[in-house]
Amino acid sequence: GQNIDQPTEMTATEGAIVQINCTYQTSGFNGLFWYQQHAGEAPTFLSYNVLDGLEEKGRFSSFLSRSKGYSYLLLKELQMKDSASYLCAVRDGDYKLSFGAGTTVTVRA
Amino acid sequence: IAGITQAPTSQILAAGRRMTLRCTQDMRHNAMYWYRQDLGLGLRLIHYSNTAGTTGKGEVPDGYSVSRANTDDFPLTLASAVPSQTSVYFCASSDGAADTQYFGPGTRLTVL
């Protein structure tokens, strides 16, 4: 099984940077995903890491360290529309996704 | 617009009733999934199907059944609903089991 931990809530100011950490313990590893979920909506895919290092995609970046069982999602130049839950998900050896409980990010003006 | 549709959007159901949640995708994805999302617990996999004609159990399969008669449809059935099945249900699909999953809009189910 999987054990995935991420903070419950974070608050930041518009224009700032926020880093959401995710730690995991897994039986087999085939990649780590980050999804964004606005209240009342479906999760939408943000990023995917399977090798160690940083993946950058516009204002969002995701980092992975497999040896440490650690990932983070970095949100830069925060905008009000970035207020949402961010879900960390690990794909195991059977290619099944296990999700963390999610981190609710609130962006204040 | 290509994607995943789910029906109904929301439903209130009496305990003991049978209910089928529908999921259809038009992306010709091979793999499909059903998750439930509960506050503080995140998304949990109920059942999955890697290809038409096959299904498998996820983390929380008890009380639910699925079928995959064709590529596009993956219905989830609650044979006799109980209040603990009150949740938001998301269907997802991916091109293959090793590919990124994309989610439908969800069904909010309340069992009284």
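The values are calculated or read from the model by the stated rules, or taken from the named source; none is laboratory data. For clarity, every value in this text was computed on a predicted model and none was experimentally measured. Quick reminder, even Gly has a Cβ in these numbers, built from the backbone with ideal geometry, and neighbours come from all protein chains shown.
In table form, for the structure just shown:
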read-out: Members of the range A:43-82 found to be away from every other protein chain (no Cβ under 14 Å) and among the charged types (D, E, K, R), listed by number; value: A:52, A:56, A:59, A:66, A:68, A:76, A:77, A:81, A:82
read-out: Matching residues in the range A:30-63 - criterion: being closer than 25 Å to residue B:38 by Cα and among the hydrophobic types (A, V, I, L, M, F, W, C); value: A:32, A:33, A:34, A:39, A:42, A:45, A:46
read-out: Count of residues meeting criterion [over 17 Å from residue B:93 (Cβ atoms) and surrounded by 18 or more Cβ atoms within 10 Å (Cβ to Cβ)] in the range B:20-41; value: 0
read-out: Options B:102, B:64; residue that is modelled with pLDDT of 95 or more and under 25 Å from residue A:35 (Cα atoms); value: B:102
read-out: Elements of type strands (runs of 3 or more DSSP E) in the range B:42-102, at least 2 residues being within 13 Å of the chain's Cα centre (by Cα), surrounded by fewer than 18 Cβ atoms within 10 Å (Cβ to Cβ) and away from chain A (no Cβ under 12 Å); value: none
read-out: Pick from the range A:1-16, criterion surrounded by 15 or more Cβ atoms within 10 Å (Cβ to Cβ) and part of a strand (DSSP E or B), ranking: farthest from the other protein chains (Cβ to nearest Cβ); value: A:12
read-out: Among (1) exposed (fewer than 15 other Cβ atoms within 10 Å of the Cβ); (2) over 14 Å from the mean Cα position of the chain (by Cα), the one test that residue A:92 misses; value: (1)
read-out: Neighbours by Cβ (under 6 Å, 6+ apart or cross-chain): first from the range A:83-106, in a loop (DSSP other than H, G, I, E, B); second hydroxyl-bearing (Ser, Thr, Tyr) and surrounded by 18 or more Cβ atoms within 10 Å (Cβ to Cβ); value: A:92/A:26; A:102/A:85
read-out: Condition broken by residue B:32, with the remaining ones in (1) in a strand (DSSP E or B); (2) within 27 Å of residue A:8 (Cβ to Cβ); (3) touching a Lys or Arg at 6+ places or on another chain (Cβ under 8 Å) satisfied; value: (2)
read-out: Test: residue A:71 is at pLDDT 95 or above, surrounded by 13 or more Cβ atoms within 10 Å (Cβ to Cβ) and either closer than 25 Å to residue B:46 by Cα or of a type in the set (Asp, Glu) (or both); value: no
read-out: Residue in the range A:90-98 that is modelled with pLDDT of 95 or more, closer than 17 Å to residue B:43 by Cβ and away from chain B (no Cβ under 11 Å) present; value: yes
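For (1) under 10 Å from the mean Cα position of the chain (by Cα); (2) more than 23 Å from residue B:96 (Cβ to Cβ), each residue gets a yes or a no:
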| site | (1), (2) |
| --- | --- |
| A:6 | yes, yes |
| A:27 | no, no |
| A:33 | yes, no |
| A:59 | no, yes |
| A:69 | no, yes |
